[in-house]
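K.L.:
Just dropping this structure here.
We did not get these values from a lab; they are worked out from the coordinates using the rules stated. Everything numeric in this text was worked out from a predicted model, so none of it was measured. Methodologically, a virtual Cβ is constructed for each residue, glycine included, from the backbone with ideal geometry; neighbour enumeration extends over all protein chains shown.
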Amino acid sequence: MTADELRAVHDALQRLRTELVEAGDHEIAAEWDDNVASNRDQDQSPLVEMGQTIASSRNRARAEQLLRIDFALRRLAEDSEAFGLCASCSEPIPPRRLALMPFATQCVPCQNGSEGAGKSKHRRKVTDYI
């Protein structure tokens, strides 16, 4: 990658990181408030639990993305010559992929291969479990 491309990736990573940090965690509401607990109807409890689950999931995803971004920034600083090469096959990651996901460590074919490892090649049907 050229110096300009590396600088563009670095700037994109910094922008993404700043946006995620400034957005902060999603608030996970307490399920039972003393003032509300006595007046809560039976339908509200599952909705509160669902809201907690969604907020928790979003917070985990945000934390994972921050880790990927920090890892990419560290790789970029430590070994800029190898940045942009697939960790599996050492082929260049396409610039368009890096523009969309500057923290990507694999090219699309290798990413698909690693995500599909251990999975069945055909879709399962209900009758497969009978």
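K.L.:
Once phi is turned into ³J(HN,Hα) by the Karplus curve 6.51 cos²θ - 1.76 cosθ + 1.60 with θ = phi - 60°, what whole-Hz value does each residue of the range 64-76 show in order, with x for glycine and proline?
P.N.:
In residue order, the calculated couplings are 5, 5, 4, 5, 4, 5, 4, 5, 5, 5, 5, 4, 5 Hz.
K.L.:
What residues qualify as long-range amide H neighbours of residue 85, i.e. H under 5 Å apart, gap of 5 or more or another chain, H built at 1.01 Å from N?
P.N.:
Those lying under 5 Å, H to H, from residue 85 are 93.
K.L.:
Using θ = phi - 60° and the Karplus curve 6.51 cos²θ - 1.76 cosθ + 1.60, what whole-Hz ³J(HN,Hα) does each residue of the range 82-94 get, with Gly and Pro shown as x?
P.N.:
So the Karplus estimates, Gly and Pro as x, are 8, 5, x, 9, 4, 5, 8, 10, 6, 7, x, 6, x Hz.
K.L.:
Using modelled amide H (1.01 Å from N, peptide plane; none on Pro or chain starts), what sits under 5 Å from the amide H of residue 105, excluding residues fewer than 5 places away?
P.N.:
none
K.L.:
Using the Cβ atoms and a cut-off under 13 Å, what net charge is assigned to the surroundings of residue 73, where Lys and Arg are +1 and Asp and Glu are -1?
P.N.:
Cβ neighbours under 13 Å give a net charge of +2.
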